[in-house]
1. Under 20 Å from the Cα of K336, which lysines turn up, not counting those fewer than eight places away in the same chain?
2. Aspartates and glutamates within cross-link reach of K190: Cα-Cα under 14 Å, excluding same-chain residues under 8 positions apart?
3. Sticking with the crude label model, points 7 Å out along Cα→Cβ, report the distance from E407 to F251 in nm, one decimal please.
4. Ignoring everything except DSSP H segments at least 4 long, calculate the 222 nm mean residue ellipticity for the chain; use -39,500 (n - 2.57) per segment, divide by total residues, nearest 500.
5. In whole angstrom, how long is each semi-axis of the equivalent ellipsoid of segment 125-282, when you take the square root of 5 times every eigenvalue of its Cα gyration tensor and sort them from largest down?
6. Work from the charge dipole of the chain (Cβ charges, +1 for Lys and Arg, -1 for Asp and Glu, about the Cα centre) and give the residue of G74, L153, T393 farthest towards its positive end.
7. Can you give me the C-alpha center-to-center distance between segment 97-159 and segment 401-480, rounded to a whole angstrom?
8. Let me cross-check E338: its accessible surface, 1.4 Å probe, with only protein heavy atoms counted, in Å² to the nearest 10?
Amino acid sequence: MDRTRGQSETIGFALILGFTLISVGAIAAFGGATLDTTQAQIGAQNAEHAMSQFDSRASMVALGRSDIQTVNFGAGQQGTYTVDPDAGSIRVTHEDQETNDTTVFYDEPFGAVRYSDGDTEIGYQGGGVWRMDEGSVMLSPPEFHYRKSTLTLPVIRIGGQGSVAGNPRGVVRQPVPSTVVFPNESATLKNSSEEWVNPVGGGIVTVTVESTYYRAWGEYFRTRTSGEVSIDNENETAAVELVAPGTMGGFDMPLDGNSLTLQGVRGHQVENFTLTLFHDQDDSAKFNNLDWSMCSQSGSQEFEIRVSKDTGTGDGDPAETIIYYSPDGSRYQTWKTEDFTFETEAAADADWNGDGDQQDKRLVLDFTGSATAEYFEENNVNSMSNCDFDASTFDDSVTFDEHPADENTTYTTGSTANVSHVTNHYLALMGPSAELTVADSSQDTVEEEISTGYVSLNTTEGYYLTYMHVTENPINVTVE
């Protein structure tokens, strides 16, 4: 027998056996890891289904349709279900853009019910279900309902206790009835006598959520509204701003030196802006000395609507109306229209102000109507302006391209445009908050006490807020 051959067979057998053992070990290790991953994925899927059921049952209790609900979270899950009453928070505020005062309507913890397994987390918070692993995603929407300028926000606030693995169940109870946060006639805005009522007072309403799932909250805000959404990674917050436009509908004319504020003007959204002026009742000249303005200034920007007589003030005689804008206090643009005409009570056979005679005159300025404005050079801004504006360099041409409705149109001296287009353009440049101050000349040519106005905005855009309903809906959750 060949000894060398026998040794080779023995060594070969040992090598085959070694390779086999290594392969079996590798397959076992890989198979074990795969099995663990598969079990984790199945557990997360089961948890998503369980949290969806929990969401439905918890909402029934939170919204007053049931006193108690029980949910079996199910078996076959490796993770742990936990109630965390301090997880996250929600804050609702109102900022008055005129005074910069901020009123806090609501600021409390949200709470959460969480399923955790390694880096994967499925959570119920704010009436929604969320998932967190590599990032946060929304699985079902929270109780935040925005539609047609109305925000309905039932804050589902979670209390309770429990942290259980295996096959737990969740019991949901309502510890106390829900309470109305807004509107609230017994509360007033900061440094104001304005009550917390609908329609919401002019300003910015901000809803801020602090949460592990803040990025998914931010995406939800973006899909549900067109409001300004901001993300703060450092503080893990998502916030959405909604604009309450304030003055809407008919209004009494502000007195000389007082203001009217338009809020939320971000584009050509002024649908109606009409001023009805009556002459000063103590002025026998009856508009013959008319020199009246509405002015606005924001930083270096200046805006003025100035009206005066042209040749006469008889029925049908035109008034001269100038629209002035300066982007920097140095350059300026001016437009003029003579399409607004004086009216007399006698010609209309009417008594507009109810004083028992037919001797009064009025001037209706419809800045969103069909009047035509011409781009022209006002040679002396300082003498024209009732607001001490004194820009000195006229823009020979101007291009409207800041807003979608502008259509990148260039105007030169002599060009014409609809006065509504011109007014909307400049108010949007002054926005989103434009404070229009009345400046009557020293001759007191307008009787502001009986003069009126009407303003309305197109609030179909998804960042306006007219009505708001906020409630606190507490639930107590026990995981056992």
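1. K309
2. Counting by Cα, and skipping residues close in sequence, K190 has these aspartates and glutamates nearby: E95, D96, E98, D101.
3. Calculated label separation equals 3.0 nm.
4. On the way: 5 runs with 91 residues, N = 480.
That comes out to -6500 deg cm²/dmol.
5. Values: eigenvalues 358, 77, 32 Å².
With the √(5λ) rule applied to segment 125-282, the semi-axes are 42, 20, 13 Å.
6. Checked the options; the winner is G74.
7. 30 Å
8. 70 Å²
The values are calculated or read from the model by the stated rules, or taken from the named source; none is laboratory data. Please read all numbers here as calculations on a predicted model, not as lab measurements. Don't worry about glycine lacking a Cβ; one is built from the backbone with ideal geometry, like all the others, and counts go over all protein chains shown. The accessibility values were calculated without ligands, DNA or RNA, using every heavy atom of the protein model including side chains. Shrake-Rupley method; radii C 1.70, N 1.55, O 1.52, S 1.80 Å.
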